[in-house]
Amino acid sequence: MADKVSEPIKQCAAILKSAKSDTEKFAALFMVTKLVKSKDCTKAGKRVLFEAIGFDFLKKLLTSNEVPDDCPALVYKSVALSILTCFCQDEELATHPDMISNIPTFLEIVQTADDSDSLIVVSEAYSCLQSIAMYEVGRKGLLNVAGLTKWSEIYLQQSFQTDEALNILVTLANHFGASAWDTDPKSFHDLMQRLSLDFQSDTSERKFELCDILTSLIFSCRHDLIRRSSEGEMWPETLYKGICDILKSRITKNQRDPALKLTAQIIELLGIEWTLMDTEDPKKFFLLLLQLAAIEVRMQMDSKSFMQCVNNADLITSCFLILEQSLTFMATDQLDFEQKEKQQTYTALKGAFNAILGVLTKLFNDKICDNLDGKNKIFGCAMIRVLSAWLAQETSAMRTQVYKILPHVLKLSNKTFYDNRQYHLDNKSVNPDELDAPIDVLRVFLPALCHLVVEDEGRKIFLKAKEEDVLFDFISFHWTIAHYKRPPIPRAERLKRMNEPDPELSPQQLEAMKDSRTAIVSACNILMNVTVLEAKFVEDSETFNNLLKFIFNNLPEFKDTPENLVTLGHLSVLGLLLLKQQSKKVKKNDFSICRYIQITIRFLWDAYTLDESNDPEALVVSITYKEYWNEIAELWFLGMQTLSGIIQQIPWISEFAIESGWCEGIMDTLKKVRIGTLQPNVKSAYEDFLTQLIDANPDVAGVLKKADALRVCRNHRLMDLGKKLFGD
């Protein structure tokens, strides 16, 4: 029995306790070394011996350099470590405060060993450290005494048995994640350089063990920090060469799987551009990797149940990540693919996504989908995430299967959004850099949903799920992140801190704000489509009415900065579309509308200007807008068109155009534009807007005539505007 103490152990304990000197106690230890390794030494027996010896005595043996002349220098350490190694096999002893406090001693032994005679001592010290690392208390002790930077240094010293140091380092990295790494990235880069060189040059099975180690280290690192500091480092290229050697060779499944997992982690850290390092043929490895990932997904998921796939989730989700990043990159058209390459890629992808849809369909037909948690929920979300990337690009792909599962996808996606929101609300006081929020699948599904709601069936499912309510909550939440406000200053400190500048935001906060701006834009695009295509529904909807009020009240507070321009534009134009549908509910004396219209006019006004640097007679997109014009060009024309329509429904809004000086501004600009160079679509946008203004407000005609409208109409053949102003 585990709690029974044998007679030999009782006798040995008695001898140890009665020893009158360290020499007598040390002599008794040789009997202990035999006892603790015997089969009849139970946990209770080990604890009795541990207490009888006393940790202070063992520590004295570990640290003492005074030994008899006829005694080998390491014998004391060896005996003590031999006993401690056996003690550490018991959790209670491995996590004993005395054992944890002795971690620095173990570390000193492994770091100061300088000859082959020390090998056994180093080995036993590592055995103790590895046993301690098996338990939570032990891992915390190891991290507190020696962070990952220290363990990296021990490994890089290239002394005895450094693989043991690496194993402990990986254990701690896996358990504690990014928080265990220093904010100085040097130690991580140094470690990766050494490991990547070993990985590239090794031709044995260790190459694939290194795959797993590198995967763990990259997964656990401070991604933002390492990504920003990786330029100029050699290890990304070294890993690229090593992985190319593997994936371009004939390999078994056991060799391919770790290579794919490692590749996925590198891509998540460094981006898909990492796959394009071959300057002669950058797309070759990219296409190979995409094909391998697509084929692997199909092999792992075709005709399989959800639970069968979960059992191999690590590999499958790694392939998902490769596919997602590849699809997003292909949409940018930065690589020129031949028709054959396009066809082969599409065929492989379609096979993979058919398999994914098959598993999702089975999942949503099973009761388990109502209570997904843990790794099941993570894998379910991963499937939706990669499917979103496909549907965002292939806008008409596999519609029948997609619409069949769409209600369930929305339900799960919405739940992840509300879980994510609650996490942020519960951790308001936590440093944003330390947050580890649960994934929000709705966030990544929105671009795909934008295409789906354009179609009648997709929109029907959207409205039945009351998804507009969720998107209103979604925009409201992301607004709190995108529209950063300085924390309120306590009243007692306000006078002293009156002129204090806003605190500098961390890279993580800036990235979160950028992501939230993008999220708002995605939600706006969906709601714009619904507003245009479901006019009657939107007109009667309380949710859309509340959304319009939200835009009225909040948009004027949005900071007028270049990075906010796209988000401001989308909210402005969504507001115009909603205002057009809900014009009957608008009150003239509502000051929030006034401020909103002023902001919207400014967005539309500032888009075009004269080219002051190169050609003062050419109308061009202004410098501020030019960088983002691909994202807001259609938005600008839609805004001009919608505002023209609103003026007919709410004539008093025309007063804002007059008061702002925009009418004269348009005339002054067009007057200077060279005859025959005004773009037809821009010409139509301005002419239609000004014509509608004249119909809505008799004062506009006088303003335009005074601004030399006759000359503008003649120069640019604004026939409709000319008739309004000057008759036939």
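Points to keep in mind about this one:
- Odd one out for Glu324, checked against (1) closer than 23 Å to Gln255 by Cβ; (2) buried (at least 23 other Cβ atoms within 10 Å of the Cβ): (1)
- Within region 266-282, the only residue that satisfies the criterion of being among the polar types (S, T, N, Q) and crowded, with 21+ Cβ neighbours inside 10 Å is Thr275.
- Pairs meeting the criteria (first residue in region 260-278 and under 15 Å from Leu290 (Cβ atoms) and in contact (Cβ under 8 Å) with a residue 40 or more places away in the chain, second residue open to solvent by less than 20 Å² (accessible area, probe 1.4 Å) and of a type in the set (D, E, K, R), beta carbons under 9 Å, at least 6 apart or on different chains) are Leu260/Glu296.
- Here region 552-599 is the region considered, the condition is being modelled with pLDDT under 95 and of a type in the set (Ser, Thr, Tyr), and the residue that is nearest to Trp629 (Cα to Cα) is Thr561.
- Qualifying residue in region 210-224 (condition: closer than 30 Å to Thr332 by Cα, among the basic types (Lys, Arg), at pLDDT 95 or above and touching a helix residue (DSSP H, G or I) at 6+ places or on another chain (Cβ under 6 Å)): no
- Residue in region 365-379 that is modelled with pLDDT under 95 and within 23 Å of His451 (Cα to Cα) present: no
- Breaking point among (1) more than 13 Å from Cys663 (Cβ to Cβ); (2) buried (at least 19 other Cβ atoms within 10 Å of the Cβ); (3) not polar (S, T, N, Q), for Arg711: (2)
- Counting only helices (runs of 4 or more DSSP H) that sit completely within region 75-167, those holding 2 or more residues that are at pLDDT below 85 and under 27 Å from Cys221 (Cβ atoms) correspond to 103-112.
- Only one of the listed residues (Ala448, Ala389, Ala465, Ala437) is under 25 Å from the mean Cα position of the chain (by Cα), surrounded by fewer than 20 Cβ atoms within 10 Å (Cβ to Cβ) and of a type outside the set (D, E, K, R). That residue is Ala437.
- Sole exception among (1) open to solvent by less than 30 Å² (accessible area, probe 1.4 Å); (2) of a type in the set (A, V, I, L, M, F, W, C); (3) within 32 Å of the chain's Cα centre (by Cα) for Leu505, by number: (1)
Here's the yes/no breakdown for (1) open to solvent by less than 30 Å² (accessible area, probe 1.4 Å); (2) in contact (Cβ under 8 Å) with a residue 24 or more places away in the chain; (3) of a type outside the set (A, V, I, L, M):
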| residue | (1), (2), (3) |
| --- | --- |
| Lys342 | no, no, yes |
| Ala352 | yes, yes, no |
| Lys362 | no, yes, yes |
| Lys367 | no, no, yes |
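- Scanning region 592-620 for residues that are part of a loop (DSSP other than H, G, I, E, B) and open to solvent by 50 Å² or more (accessible area, probe 1.4 Å) yields a total of 6.
- Within region 690-708, no residue satisfies the criterion of being open to solvent by 80 Å² or more (accessible area, probe 1.4 Å) and in contact with a Gly (Cβ under 9 Å, 6 or more places away or on another chain).
- Within region 178-234, being of a type in the set (Ser, Thr, Tyr), open to solvent by less than 40 Å² (accessible area, probe 1.4 Å) and assigned to a loop (DSSP other than H, G, I, E, B) holds for one residue alone: Ser230.
- Residue within region 488-500 that is at pLDDT 85 or above, β-branched (Val, Ile, Thr) and either surrounded by 13 or more Cβ atoms within 10 Å (Cβ to Cβ) or assigned to a helix (DSSP H, G or I) (or both) present: no
- Comparison of Gly45, Gly54 shows that the only residue that is modelled with pLDDT under 75, touching a Leu at 6+ places or on another chain (Cβ under 9 Å) and crowded, with 17+ Cβ neighbours inside 10 Å is Gly45.
Per-residue answers, yes or no, for (1) at pLDDT 95 or above; (2) outside any helix (DSSP H, G or I):
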position: Pro236; (1), (2): yes, no
position: Arg250; (1), (2): no, yes
position: Asn254; (1), (2): no, no
position: Asp278; (1), (2): no, yes
position: Glu296; (1), (2): yes, no
position: Thr328; (1), (2): no, no
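- Residue in region 555-572 that is open to solvent by 30 Å² or more (accessible area, probe 1.4 Å), in contact (Cβ under 8 Å) with a residue 60 or more places away in the chain, over 21 Å from Glu659 (Cβ atoms) and in contact with a helix residue (DSSP H, G or I) (Cβ under 7 Å, 6 or more places away or on another chain) present: yes
- Which numbered condition Gln334 misses (of (1) within 29 Å of Leu195 (Cα to Cα); (2) of a type outside the set (Val, Ile, Thr); (3) free of Cβ contacts under 8 Å to residues at least 60 places away in the same chain): (1)
The values are calculated or read from the model by the stated rules, or taken from the named source; none is laboratory data. Quantities reported herein were computed from a predicted structural model and do not represent experimental measurements. Cβ coordinates were reconstructed from backbone atoms using ideal geometry, including for glycine residues, and neighbour counts include every protein chain displayed. What goes into the accessible areas is simple: the full protein's heavy atoms, side chains included, and nothing from ligands, DNA or RNA. Shrake-Rupley method; radii C 1.70, N 1.55, O 1.52, S 1.80 Å.
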